[in-house]
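Only one structure is covered here, and it is reproduced in the block below.
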Amino acid sequence: MILYPAIDIRDGHAVRLEQGDYGRETAYDDDPVDAARRWLEQGARSLHVVDLDGARSGEPRNLEHVRQIAAESSVPVQLGGGLRDADAVAAALASGVDRVVLGTAALTKPQLVAALAAEHGERILVGVDARSGQVAVEGWGRETGATPAHTVADLAARGISTFVYTPVEVDGTLAGPGLADLQEVSGAATSANASLIYSGGVGSLDHLRSLRELGLPALVGVIVGRALYEARFTVGEAQAVLDG
(Lines give C-alpha, C1' and ligand atoms only; values in the text may rest on other atoms or scores of the structure.)
Protein backbone atom coordinates (compact mmCIF):
# COMPACT_ATOMS: atom_id res chain seq x y z
CA MET A 1 0.00 0.00 0.00
CA ILE A 2 1.15 3.52 -0.77
CA LEU A 3 0.77 6.47 1.59
CA TYR A 4 -0.66 9.58 -0.11
CA PRO A 5 0.09 12.74 1.89
CA ALA A 6 -2.78 15.17 1.38
CA ILE A 7 -2.45 18.79 0.30
CA ASP A 8 -5.87 20.45 0.44
CA ILE A 9 -5.80 23.98 -0.97
CA ARG A 10 -8.19 26.76 -0.01
CA ASP A 11 -7.63 30.48 -0.55
CA GLY A 12 -4.07 29.65 -1.57
CA HIS A 13 -3.19 27.88 1.71
CA ALA A 14 -2.72 24.25 2.71
CA VAL A 15 -5.61 23.47 5.06
CA ARG A 16 -7.64 20.61 6.49
CA LEU A 17 -11.39 20.49 7.03
CA GLU A 18 -13.09 18.49 9.75
CA GLN A 19 -15.88 16.19 8.52
CA GLY A 20 -16.00 18.08 5.23
CA ASP A 21 -17.21 21.27 6.93
CA TYR A 22 -15.80 24.43 5.32
CA GLY A 23 -16.56 26.26 8.57
CA ARG A 24 -14.21 23.96 10.51
CA GLU A 25 -10.95 24.66 8.76
CA THR A 26 -7.41 24.60 10.09
CA ALA A 27 -4.69 26.29 8.03
CA TYR A 28 -1.23 24.70 8.20
CA ASP A 29 0.94 26.21 5.44
CA ASP A 30 0.66 29.66 3.89
CA ASP A 31 2.00 28.13 0.67
CA PRO A 32 0.88 24.59 -0.28
CA VAL A 33 4.17 24.09 -2.11
CA ASP A 34 5.88 24.12 1.30
CA ALA A 35 3.71 21.18 2.36
CA ALA A 36 4.62 19.31 -0.81
CA ARG A 37 8.33 19.89 -0.21
CA ARG A 38 8.03 18.61 3.36
CA TRP A 39 6.26 15.40 2.35
CA LEU A 40 8.76 14.81 -0.45
CA GLU A 41 11.68 15.31 1.94
CA GLN A 42 10.10 12.71 4.23
CA GLY A 43 10.00 10.17 1.42
CA ALA A 44 6.52 10.46 -0.10
CA ARG A 45 5.97 8.14 -3.07
CA SER A 46 2.96 10.10 -4.31
CA LEU A 47 0.95 13.24 -3.44
CA HIS A 48 -2.81 13.77 -3.24
CA VAL A 49 -3.89 17.36 -3.93
CA VAL A 50 -7.43 18.72 -3.54
CA ASP A 51 -8.65 22.09 -4.80
CA LEU A 52 -11.23 22.82 -2.12
CA ASP A 53 -12.23 26.11 -3.72
CA GLY A 54 -12.79 24.21 -6.96
CA ALA A 55 -14.84 21.53 -5.26
CA ARG A 56 -17.17 24.17 -3.91
CA SER A 57 -17.38 26.39 -6.99
CA GLY A 58 -17.52 23.63 -9.61
CA GLU A 59 -14.38 24.63 -11.52
CA PRO A 60 -10.63 24.59 -10.76
CA ARG A 61 -9.46 27.59 -8.73
CA ASN A 62 -5.91 26.74 -7.67
CA LEU A 63 -4.20 25.38 -10.76
CA GLU A 64 -1.23 27.73 -10.44
CA HIS A 65 -0.40 26.21 -7.03
CA VAL A 66 -0.92 22.77 -8.54
CA ARG A 67 1.51 23.57 -11.37
CA GLN A 68 4.16 24.59 -8.86
CA ILE A 69 3.66 21.40 -6.84
CA ALA A 70 3.81 19.20 -9.93
CA ALA A 71 6.92 21.02 -11.22
CA GLU A 72 8.79 20.39 -7.97
CA SER A 73 7.60 16.85 -7.44
CA SER A 74 9.67 13.82 -8.39
CA VAL A 75 6.74 11.49 -7.64
CA PRO A 76 3.24 11.13 -9.13
CA VAL A 77 0.69 13.79 -8.19
CA GLN A 78 -3.07 13.31 -8.34
CA LEU A 79 -5.58 16.18 -8.21
CA GLY A 80 -9.26 16.44 -7.32
CA GLY A 81 -11.72 19.27 -6.82
CA GLY A 82 -13.95 21.04 -9.33
CA LEU A 83 -13.26 18.72 -12.25
CA ARG A 84 -16.75 18.45 -13.69
CA ASP A 85 -16.26 18.63 -17.47
CA ALA A 86 -13.77 17.64 -20.15
CA ASP A 87 -12.19 21.11 -20.31
CA ALA A 88 -11.50 21.16 -16.57
CA VAL A 89 -9.94 17.70 -16.77
CA ALA A 90 -7.77 18.78 -19.71
CA ALA A 91 -6.62 21.88 -17.81
CA ALA A 92 -5.81 19.80 -14.75
CA LEU A 93 -3.77 17.27 -16.73
CA ALA A 94 -1.99 20.13 -18.51
CA SER A 95 -0.93 21.49 -15.12
CA GLY A 96 1.46 18.56 -14.82
CA VAL A 97 -0.42 16.13 -12.58
CA ASP A 98 -0.35 12.44 -13.40
CA ARG A 99 -3.95 11.60 -12.48
CA VAL A 100 -7.19 13.44 -11.77
CA VAL A 101 -9.97 12.53 -9.35
CA LEU A 102 -13.53 13.20 -10.49
CA GLY A 103 -16.25 13.66 -7.90
CA THR A 104 -19.61 15.26 -8.64
CA ALA A 105 -19.30 14.69 -12.39
CA ALA A 106 -19.07 10.95 -11.85
CA LEU A 107 -22.55 10.90 -10.35
CA THR A 108 -24.24 13.51 -12.51
CA LYS A 109 -22.57 12.78 -15.86
CA PRO A 110 -21.75 9.06 -16.07
CA GLN A 111 -21.44 9.20 -19.86
CA LEU A 112 -18.79 11.92 -19.53
CA VAL A 113 -16.89 9.72 -17.08
CA ALA A 114 -16.96 6.84 -19.53
CA ALA A 115 -15.68 9.09 -22.33
CA LEU A 116 -12.88 10.46 -20.16
CA ALA A 117 -11.90 6.96 -19.07
CA ALA A 118 -11.80 5.85 -22.70
CA GLU A 119 -9.60 8.84 -23.63
CA HIS A 120 -7.26 8.97 -20.63
CA GLY A 121 -7.37 5.45 -19.21
CA GLU A 122 -5.88 5.00 -15.74
CA ARG A 123 -5.28 8.74 -15.38
CA ILE A 124 -8.98 9.13 -14.47
CA LEU A 125 -9.97 8.25 -10.89
CA VAL A 126 -13.31 8.75 -9.15
CA GLY A 127 -13.75 10.01 -5.61
CA VAL A 128 -16.56 8.32 -3.70
CA ASP A 129 -17.30 10.50 -0.67
CA ALA A 130 -19.96 9.08 1.63
CA ARG A 131 -21.99 10.55 4.48
CA SER A 132 -24.43 8.34 6.41
CA GLY A 133 -23.92 5.58 3.84
CA GLN A 134 -24.84 7.80 0.89
CA VAL A 135 -22.52 9.31 -1.70
CA ALA A 136 -22.14 13.08 -1.18
CA VAL A 137 -21.32 15.53 -3.99
CA GLU A 138 -20.80 19.27 -4.61
CA GLY A 139 -18.03 19.71 -2.06
CA TRP A 140 -19.70 17.18 0.25
CA GLY A 141 -22.73 19.47 0.48
CA ARG A 142 -25.41 17.24 -1.08
CA GLU A 143 -26.22 13.57 -0.52
CA THR A 144 -27.37 11.61 -3.56
CA GLY A 145 -29.05 8.49 -2.21
CA ALA A 146 -26.56 6.25 -4.03
CA THR A 147 -24.52 3.83 -1.95
CA PRO A 148 -20.71 3.81 -2.22
CA ALA A 149 -20.54 0.13 -3.22
CA HIS A 150 -23.16 0.53 -5.95
CA THR A 151 -21.38 3.62 -7.26
CA VAL A 152 -18.06 1.79 -7.45
CA ALA A 153 -19.63 -1.15 -9.29
CA ASP A 154 -21.45 1.11 -11.75
CA LEU A 155 -18.50 3.33 -12.61
CA ALA A 156 -16.05 0.42 -12.81
CA ALA A 157 -18.32 -0.97 -15.52
CA ARG A 158 -17.89 2.39 -17.31
CA GLY A 159 -14.10 2.07 -17.35
CA ILE A 160 -12.86 3.51 -14.04
CA SER A 161 -10.08 1.39 -12.56
CA THR A 162 -9.23 3.28 -9.33
CA PHE A 163 -11.46 4.89 -6.70
CA VAL A 164 -10.80 7.15 -3.71
CA TYR A 165 -13.22 6.31 -0.88
CA THR A 166 -13.83 8.78 1.97
CA PRO A 167 -16.37 8.36 4.81
CA VAL A 168 -16.90 12.05 5.50
CA GLU A 169 -18.00 11.54 9.12
CA VAL A 170 -14.45 10.65 10.17
CA ASP A 171 -12.49 12.85 7.76
CA GLY A 172 -10.15 15.21 9.60
CA THR A 173 -11.09 13.88 13.05
CA LEU A 174 -7.99 11.73 13.77
CA ALA A 175 -10.43 9.35 15.51
CA GLY A 176 -9.72 6.34 13.33
CA PRO A 177 -10.76 5.10 9.88
CA GLY A 178 -14.42 4.52 9.08
CA LEU A 179 -14.56 0.78 8.65
CA ALA A 180 -18.35 0.27 8.58
CA ASP A 181 -18.72 0.21 4.79
CA LEU A 182 -15.10 -0.19 3.77
CA GLN A 183 -15.19 -3.94 3.31
CA GLU A 184 -18.35 -3.72 1.18
CA VAL A 185 -16.86 -0.94 -0.97
CA SER A 186 -13.59 -2.82 -1.31
CA GLY A 187 -15.51 -5.95 -2.24
CA ALA A 188 -17.29 -4.08 -5.03
CA ALA A 189 -13.93 -2.85 -6.31
CA THR A 190 -12.41 -6.34 -6.13
CA SER A 191 -15.32 -7.83 -8.06
CA ALA A 192 -14.76 -5.22 -10.78
CA ASN A 193 -10.96 -5.70 -10.84
CA ALA A 194 -10.60 -2.11 -9.65
CA SER A 195 -8.36 -0.57 -7.00
CA LEU A 196 -9.30 1.46 -3.93
CA ILE A 197 -7.52 4.28 -2.07
CA TYR A 198 -8.90 4.98 1.42
CA SER A 199 -9.09 8.43 3.05
CA GLY A 200 -10.38 9.67 6.39
CA GLY A 201 -9.81 9.61 10.15
CA VAL A 202 -6.26 8.27 10.31
CA GLY A 203 -4.61 9.69 13.42
CA SER A 204 -1.99 7.12 14.41
CA LEU A 205 0.28 4.43 13.09
CA ASP A 206 -2.04 1.87 14.70
CA HIS A 207 -4.85 3.17 12.50
CA LEU A 208 -2.70 2.55 9.43
CA ARG A 209 -1.78 -0.88 10.76
CA SER A 210 -5.47 -1.74 11.20
CA LEU A 211 -6.15 -0.85 7.56
CA ARG A 212 -3.24 -2.95 6.35
CA GLU A 213 -4.27 -5.91 8.49
CA LEU A 214 -7.74 -5.99 6.93
CA GLY A 215 -6.03 -7.68 3.98
CA LEU A 216 -8.43 -6.19 1.44
CA PRO A 217 -7.18 -7.10 -2.07
CA ALA A 218 -8.46 -3.88 -3.67
CA LEU A 219 -6.97 -1.53 -1.07
CA VAL A 220 -3.78 -0.11 -2.59
CA GLY A 221 -3.31 3.21 -0.78
CA VAL A 222 -4.22 5.44 2.15
CA ILE A 223 -4.52 9.24 2.13
CA VAL A 224 -3.41 11.02 5.30
CA GLY A 225 -3.55 14.74 6.03
CA ARG A 226 -4.02 16.21 9.49
CA ALA A 227 -1.96 13.57 11.33
CA LEU A 228 1.04 14.42 9.15
CA TYR A 229 0.58 18.18 9.53
CA GLU A 230 0.42 17.77 13.32
CA ALA A 231 3.54 15.52 13.26
CA ARG A 232 1.87 12.54 14.90
CA PHE A 233 4.13 10.50 12.64
CA THR A 234 6.28 11.07 9.57
CA VAL A 235 5.64 10.03 6.00
CA GLY A 236 8.49 7.52 6.29
CA GLU A 237 7.11 5.96 9.47
CA ALA A 238 3.64 5.67 7.94
CA GLN A 239 4.94 4.13 4.73
CA ALA A 240 6.94 1.59 6.73
CA VAL A 241 3.73 0.47 8.48
CA LEU A 242 1.87 0.14 5.18
CA ASP A 243 4.79 -1.82 3.77
CA GLY A 244 4.36 -4.25 6.66
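Annotations
- Bridge orientation summary for the range 13-114: considering DSSP beta bridges with both residues in this region, about 40 percent are antiparallel.
- Among (1) 8, 36, 41, 15, 0; (2) 7, 29, 32, 20, 9, 3, 0; (3) 8, 32, 37, 21, 2, 0, the entry that matches P(r) over Cα pairs in 10 Å bins from 0, in percent as calculated here: (1)
- Distance (nanometres) between label positions extended 7 Å along Cα→Cβ at R37 and E64: 1.8
- Rg/Rg_globular for the range 195-235, with Rg_globular taken as 2.2 N^0.38 Å and Rg from C-alpha atoms: 1.14
- The relative contact order of the chain, computed from alpha carbon pairs under 8 Å that lie at least 6 residues apart in sequence, is 19 percent.
- Accessible-area composition of the range 1-56, carbon plus sulfur, in percent [1.4 Å probe]: 37
- Of the residues A90, A44, A105, the one that moves most in a GNM of the chain with alpha-carbon contacts below 10 Å is A90.
- Segment T190..T234, full-extension length gain: 12.8 nm, with 0.36 nm per residue of separation and the alpha-carbon distance subtracted.
- Here is the size of the range 1-143 from its Cα atoms: Rg then Dmax, 14.3, 40 Å.
- Modelled FRET efficiency - R0 30 Å, H150 with A90, Cβ distances, 0.05 increments: 0.55
- The DSSP beta bridges internal to the chain are antiparallel in roughly 30% of cases.
- Accessible-area composition of the range 117-244, carbon plus sulfur, in percent [1.4 Å probe]: 45
- Backbone N atoms of the range 178-195 closer than 19 Å to the 7 Å Cα→Cβ label point of E18 belong to residues 178.
- Span from the the range 118-188 Cα centroid across to the the range 51-91 one, whole angstrom: 19
The values are calculated or read from the model by the stated rules, or taken from the named source; none is laboratory data. Worth saying up front: this structure is predicted, and the values here are computed from it rather than measured. All Cβ positions, glycine included, derive from the backbone under ideal geometry; neighbour counts span all protein chains shown. Remember, those area values only see protein heavy atoms, side chains included, never the ligands or the DNA or RNA. Shrake-Rupley method; radii C 1.70, N 1.55, O 1.52, S 1.80 Å.
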